[in-house]
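> Handing you a structure now.
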Amino acid sequence: MTDAPATSAKAMQQVDPDQVRPLTPIVPPTAVDGQALMFVIAIMAFLACLTLGAVTLVDQSARGWQSQVSREATIQIRPVEGVDLDAVMADAADIAATWPGVRSVEVIDEQTAARLLEPWLGTGLDLSELPVPRLIVVTIDETRPPDFTAMRAALTETVPGASLDDHRGWIDRLVAMARATTLIGFSVLALVLAAMALTVVFATRGAMSSNQHIIEVLYFVGAEPGFIAGQFQRHFVITGLKGAAIGGALAMLVFLVSGWWASRNLATPEADQAIALFGSFAIGPIGYAGSLIIVLAIAGLTGLISRLTVIRSLHRLNMRDGDAL
């Protein structure tokens, strides 16, 4: 009888470490639902980064439009029967050039005007056969702008068919459009993140349901809720980071390809109009930094939501067992 403990100890010392069954995590990292969740998070991250990039493009374009419009005014000369249009345009340019607060005056010739109208009216235009107004671009001093009311009155009285547009109405519309677009973009971003959060909640509950017996055993033998929640949090953080990285990389690739396309098609009317609306499709450092922040935020949010879901479920389990007692 005295040799039994010695024999047991000797047998335990002879156990091959390779034959010891390794500890398995509560949430298997290669679970099928975990892979599906990663792809769902990738789609959500792609949409979120795409929305943020689009908002950045519109905001940058609106700022560029606003800056350009605020630096310029336009004189329109409508064709009048019996009046030499070229002479009238020269008179209007001379009047505007001598006005205080005007830096330069540029007369838009027929070829440039025809090229501007190509996307709508096609090529080979003869503006002399169409009642199209001719334009004069006036560059103004932003620090000391001219008196537009007096300039408009002088041009109207002196030059037949002339009118001055100081673009103030366009500036107000641009500001309102940029604000509305930004609000819509962030609303879409919030909806995407909310949908992702609900997906993580259901995925966490599904993982807990499939491992309910293990969780209950750990909980009733004294495992802290924070320990159990940490196991789920670690798993979902890794899953969220992988999915968000895939989605963010795809969104950045879309903007890189769009920028490359814009740079390769600068001479076409379609590209000119697209660049006029959205710039060079380059979201810049701010856009890429924002996409990186979204990727990290999605990974952290995924882990946090999973942790809170587990702790809340364990709290309900504790209350249920307390009521049963």
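Just so it is clear, none of the values below were taken in a lab; they were calculated from the coordinates. Quantities reported herein were computed from a predicted structural model and do not represent experimental measurements. Here Cβ is always computed from backbone atoms with ideal geometry, including for glycine, and neighbour counts include all displayed protein chains.
> Just to confirm a number: summing +1 for Lys and Arg and -1 for Asp and Glu over residues other than residue 152 whose beta-carbon lies under 14 angstrom from that of residue 152, what do you get? Numbers along the way, then the final one.
On the way: positive: 168; negative: 147, 157, 165, 166.
Surrounding charge for residue 152 is -3.
> Between beta-carbons, use under 13 Å as the cut-off and find the net charge around residue 88, counting Lys and Arg +1, Asp and Glu -1. Don't skip to the answer; put the middle values down first.
On the way: positive: 78, 134; negative: 81, 84, 86, 91, 94.
So the environment of residue 88 carries a net charge of -3.
> For the residue pair residue 311 and residue 36, what label-to-label distance in nm results when each label sits 7 Å from Cα along the Cα-to-beta-carbon direction?
In this crude spin-label approximation the distance works out to 2.8 nm.
> How would you rank 78-88, 151-161, highest first, on the average number of other Cβ atoms within 10 Å across their residues? Walk me through the numbers on the way to the answer.
Details: 78-88: 12.5, 151-161: 16.5.
Sorting 78-88, 151-161 by mean packing, highest first, produces 151-161, 78-88.
> Quickly rank 48-59, 211-222 as a protection proxy: mean count of other C-beta atoms within 10 Å, highest first.
Details: 48-59: 22.5, 211-222: 13.2.
Descending packing order for the listed peptides: 48-59, 211-222.
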